[in-house]
Every structure is written in C-alpha cells, then in structure tokens.
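Below is one structure; the comments refer to it alone.
The values are calculated or read from the model by the stated rules, or taken from the named source; none is laboratory data. What you see is a predicted model; the values in this text were computed from it and never measured. All Cβ positions, glycine included, derive from the backbone under ideal geometry; neighbour counts span all protein chains shown.
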DNA sequence: GTAAGATTGGATAGTCAAGTCCAATCTGGG
DNA sequence: CCCAGATTGGACTTGACTATCCAATCTTAC
C-alpha cells in the first residue's frame, strides 16, 4: 500500500513547505505563551492564516503538531546556544554565556521561561513520546555545555580531574530553575544567583594556576 | 446585601468543611499529575465522590478551585520543608536536606516535578493571581532557606559576609531546575549535580576554619 | 499546455467540559 | 423536636475544540 495515513515531514511543493513551516512557527509561539493545552487548533488556524484542513493535511493530529513544535524549539535553542558554547575557552567566556542567558530572560521580564522547560513540565508525565524527545534535547544541550568545559580542560584552563558531565548538568539545571523562578517572580535574581554559584564553584575548584 | 456570590473559605458545618477539603486534596493530586488544564471538573467530581453542584457550591469557578490548590500545595511543601530548614546548623545538615530532596525525587523517578514549579510553569504567564500567589510561596521557601543559612552564620559555621539571600535563591533554583530535568530524564543526576555544586561553593567559600 | 497530484476553503459531526438550576436531604442551635 | 440554612444529587444548557469531508483551486513535471 502507498502512504497509508501519516503526512510526510516535508511537503513536496515549495508552497506546501512554507505553509507547514508557518503552522509550526505559529503553533510554537502560541504554545510557548499559553501552553499546549491552552492552544487550540482554531487559534493556530487563525494566527497562521490557514484553514482547518491545512493543519490536518500536514499533521495527523494535534499530537503530531506538538511533536513538530518540540523539534522546532529544540533546534531553535540548540542552534542559538551552540555558537556560544563552542567557543568556551575561559571562565570569562563562561560568564559571558551566563550574561546572554540572563539578558534574554531579563528582556521578557522572566515571562515564558524556557520553551523546552515549559513543554517538558506540561507534557513529560503524560506523554512518553514528548518526554523522550525533550530528554534527548536536554541531553544534547548539556552535552554542548560539557564539550565546552572539555575544551577548557584541553586548553589548560580547567583541571582534568573535574567531572565535566556533572558540572554541565548543574549549569543546565541552574538555567532551568532560574527561569522557573524568573517566571513567577519577574526577576532574574535567582537565575543569576544559581549560575554565579555554579560558575564560582567551577572557578575556585577547577581553574589551574597560571 | 447578604453574601452576594463568593462562597466562604470555611464552610459552617463539619461535614461541609470535610467535603471542601476532600475536593481540594483530590484536585491538587489530579492537577499535580495532569496539569490544571488537564484536570476537568467532572474528573475531580468523580475522584472526590461528590456531585457537580458541590464543587460549585464551595468554589465560584475552576479558577477559585485552582487558587485553593495553590494554597494547599504551598502549605504542604512549606510545612514539610520548614522543620528541615529550621535546624540547619552545619554544612552536614545542608547536605542531609539535599538528600531528602533528592530521595523524594528519586522515589517517583522524577515524575511530577515540584508541585509549585509545575503550577507556576503552567499558570504564571496567563494568570496574574496565580503568579502572585506562587511568587509569594517561592519567596517564603527561599526565605526559609535564607534563615537557615543565617543561623549558620550566627553559630559561626559560615562567614558573616556571604550573601545568604543570593545563596538561598541559588539553592532553590537548583532544586527547581534539577526537578525539571528529572521529570524529562527520569534521573536525579542533574538535581544532585546542581545541589552539590552550590553546596560545595558554600562550603569552600563560606565555612570558617575550625 | 495539461493532467496528476498537492494544496486549500469552509461547513460540519461528534465529544466533552464549564457552569446553572432546583428539588431533596441533612445539620445544628434553640 | 423543629426549622432555617447548609449541603447534596443529578439533569441540563451552552459553548468550544478536535477531527473529518469534499469540492475547488493551484503547482509542477512532462
């Protein structure tokens, strides 16, 4: 049998691809601001300027759209973070990464939180497919941080015996927790305090004397 | 005019109070496991063994019930945390607090996350009344941690010049972020790493020589 | 240019949740 | 014991959302 049911990820025409991408981008924005459950397909339809049938032409159901949104947000975040993390070569660079994260949160007064963190909080318990995808994204993110720390070991900034894996998880947890608190408190105080504490720990424990 | 609309927080009869409390406890459990949007009033009705009219007799609408759930979870968490945090008198005590938090998360394999964190993530952006209540709860929680650190300064364990406020926020952010990652990854690795890093920082920077 | 297939518009069925209503029953103070 | 008010049962209205369907229009390979 030919394609039984599932719509392909990449529509065959240019127009189709553009429509599909627009739907995903709009859905990602709405789901970021109002949650997955708080985002109806009619709302996506109106905001994207498409008709109902187009959503269900490109996605089997709302879960499939949500899956695409998770992938979209993962790519967005990782491609934003990667350049910063790829150039970690000093504690100073680590601190400027921290500043980028803090500034981003401050620019929206804490609202929204982390797109991946919010999706995970809403979906992980009830939707294994979402949990698996989000766990993989978090792993990729912490791995990018870990690679940055490893580079700092290689260039002689950090002691080789540090646990780069644990420290990368600590940094990512500091980001996530700081953003959760920023969302409620409309302050980046906790985000800054958490990142500063972990970075100070890295500095004091891991930096090799010049 | 007599009572215009809003049901009182404390029903006048014993039976009424018991019913109201049962509704809140059941709703808190369902909302913890499936989110607020994922918990319908019919589901609460069935799980609590009450009729629709009882829910709307004790709560003006679903938002009012949600408000009661937020208060319930705040009290639950703070009354569980308070005894542990009130006895902080050494870094060792801080580490055993860490163990309690980690063990709790490990017991449920990370699922659920923090009840307050999950509620905040879902509600803060769209519902100012929820955000305000949750921000106050987070503040009370971090204040309890700060008081513990202050006690450690008083008894000579920590240097007086440390920023206990910032460190208490860092510890709370480590908990929240660690739980977010635990929910997706079904591991307490990040929670442990984040708490350990912040505690190690406190230890190394703040402990007075004996 | 043309036909096969992709894309689109919009109406609509089916389902379920929020909230209302009223009559029946229970509770507690006097 | 008795009744005013509290509590309870359960049907019902209203409205929104998910998903489907089919005919009309557009795209593109040939």
### Query
Given (1) more than 12 Å from DNA strand D (Cβ to nearest atom); (2) in a loop (DSSP other than H, G, I, E, B), where does residue B:12 come up short, assuming only one miss?
(1)
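Looking for whichever is surrounded by 15 or more Cβ atoms within 10 Å (Cβ to Cβ), away from DNA strand D (no atom under 16 Å from the Cβ) and either within 14 Å of chain A (Cβ to nearest Cβ) or closer than 30 Å to residue B:146 by Cα (or both) here; the options are B:79, B:74. Which one fits?
Going through B:79, B:74 in turn, the sole match is B:74.
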### Query
So which of B:46, B:61 is more than 14 Å from every other protein chain (Cβ to nearest Cβ), within 27 Å of residue B:132 (Cβ to Cβ), within 15 Å of DNA strand C (Cβ to nearest atom) and surrounded by fewer than 16 Cβ atoms within 10 Å (Cβ to Cβ)?
B:61
### Tabulated pairs, segment A:34-52, first closer than 14 Å to residue A:63 by Cα, second within 10 Å of DNA strand C (Cβ to nearest atom) and part of a loop (DSSP other than H, G, I, E, B), C-beta under 7 angstrom, 6+ apart or interchain
A:35/B:37; A:37/B:37; A:37/B:38; A:38/B:37
### Message
Against the definition (at pLDDT 95 or above and more than 8 Å from every other protein chain (Cβ to nearest Cβ)), how does residue A:207 come out, yes or no?
### Response
no
### Task
Check whether at least one residue in segment A:179-186 is surrounded by fewer than 20 Cβ atoms within 10 Å (Cβ to Cβ) and touching a helix residue (DSSP H, G or I) at 6+ places or on another chain (Cβ under 8 Å), and report yes or no.
yes
### Task
Considering only residues that are within 7 Å of another protein chain (Cβ to nearest Cβ) and surrounded by fewer than 21 Cβ atoms within 10 Å (Cβ to Cβ), look in segment A:94-129 and name the one that is nearest to the chain's Cα centre (by Cα).
A:112
### Message
Scan segment B:58-66 and tell me whether some residue there is within 13 Å of DNA strand D (Cβ to nearest atom) and over 30 Å from residue A:120 (Cβ atoms).
### Response
yes
#### Entry: Residues of segment A:5-28 satisfying the condition of being closer than 28 Å to residue B:38 by Cα and crowded, with 18+ Cβ neighbours inside 10 Å
A:20, A:23, A:24, A:26, A:27, A:28
### Unmet requirement for residue B:176, which otherwise passes all of (1) surrounded by fewer than 19 Cβ atoms within 10 Å (Cβ to Cβ); (2) at the interface with chain A (Cβ under 7 Å from one of its Cβ atoms); (3) closer than 18 Å to residue B:80 by Cα
(1)
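Could you tell me which of the residues A:33, A:14, A:95, A:20 is farther than 30 Å from residue A:192 by Cβ and at pLDDT 95 or above?
Of A:33, A:14, A:95, A:20, the one residue that is farther than 30 Å from residue A:192 by Cβ and at pLDDT 95 or above is A:20.
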### Query
Which of (1) in contact (Cβ under 8 Å) with a residue 12 or more places away in the chain; (2) facing chain A (nearest Cβ under 7 Å) is the odd one out, the single condition residue B:137 does not satisfy?
(2)
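Give the residue that is farthest from the chain's Cα centre (by Cα), with candidates limited to residues of segment B:29-43 that are assigned to a helix (DSSP H, G or I) and surrounded by fewer than 18 Cβ atoms within 10 Å (Cβ to Cβ). Working first, answer last.
Step one: filter segment B:29-43 for residues assigned to a helix (DSSP H, G or I), giving B:29-34, B:41-43.
Keeping just the survivors that are surrounded by fewer than 18 Cβ atoms within 10 Å (Cβ to Cβ) gives B:29, B:33-34, B:41-43.
Details: B:29: 13, B:33: 14, B:34: 17, B:41: 23, B:42: 26, B:43: 23 Å.
Here the residue is B:42.
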### Task
Give A:146, A:159 a once-over and let me know the one that is surrounded by 18 or more Cβ atoms within 10 Å (Cβ to Cβ), over 30 Å from residue A:38 (Cα atoms) and out of contact with any strand residue (DSSP E or B) (no Cβ under 7 Å at 6 or more places or on another chain).
A:146
